[in-house]
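Just so it is clear, none of the values below were taken in a lab; they were calculated from the coordinates. Since the structure is predicted, the reported quantities are computational estimates derived from the model, not experimental observations. Cβ atoms come from the backbone with ideal geometry, glycine included; neighbour counts cover every protein chain shown.
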Amino acid sequence: MNRIVVAMCTAGLFAWAGCGDDPPPGTEADHVGVGAECVTNEDCPQPVDDSVPAQICLQQFDGGYCGIEDCTGNDDCPDGSACVAHDDGVNYCFRVCLDKSECNLNRTIDNQSNCSSNITFVDPNTNVKACVPPSS
């Protein structure tokens, strides 16, 4: 009887441990924290592989914004973000969204981003909204 209990516990332990291999829900942009509030570059999570450029803290926005600067198209951005031609003359990878709540999972109330369709995407066929941080 004890061998059966030990075998069941061992099998359950391996099954539980295997669950840790599943990726967390969300897009690649969520996993690397695109759109998170920040003060320094070290506050921005970095991708685990070289297929996604490193993020920086875009301090020109209120509360900072973890993102990628100088993208030339959506292919330069993590999945779940898009290349936006901002009105400050610089292109940024901004997180895409359906509503404002998606934009502010990692931001304080004082520095909320808006989910906006009133932006210019570098790739003209991009038909989504993006999380636009407040400008300083």
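Say we look at the range 106-136 and pick out the residues that are free of Cβ contacts under 8 Å to residues at least 24 places away in the same chain and more than 17 Å from C71 (Cα to Cα); which of these is surrounded by the fewest Cβ atoms within 10 Å (Cβ to Cβ)?
Among those residues, the one meeting the criterion is I109.
Do you know which of the residues in the range 106-136 that are assigned to a loop (DSSP other than H, G, I, E, B) and charged (D, E, K, R) is nearest to the chain's Cα centre (by Cα)?
Across the range 106-136, the extreme among qualifying residues is R107.
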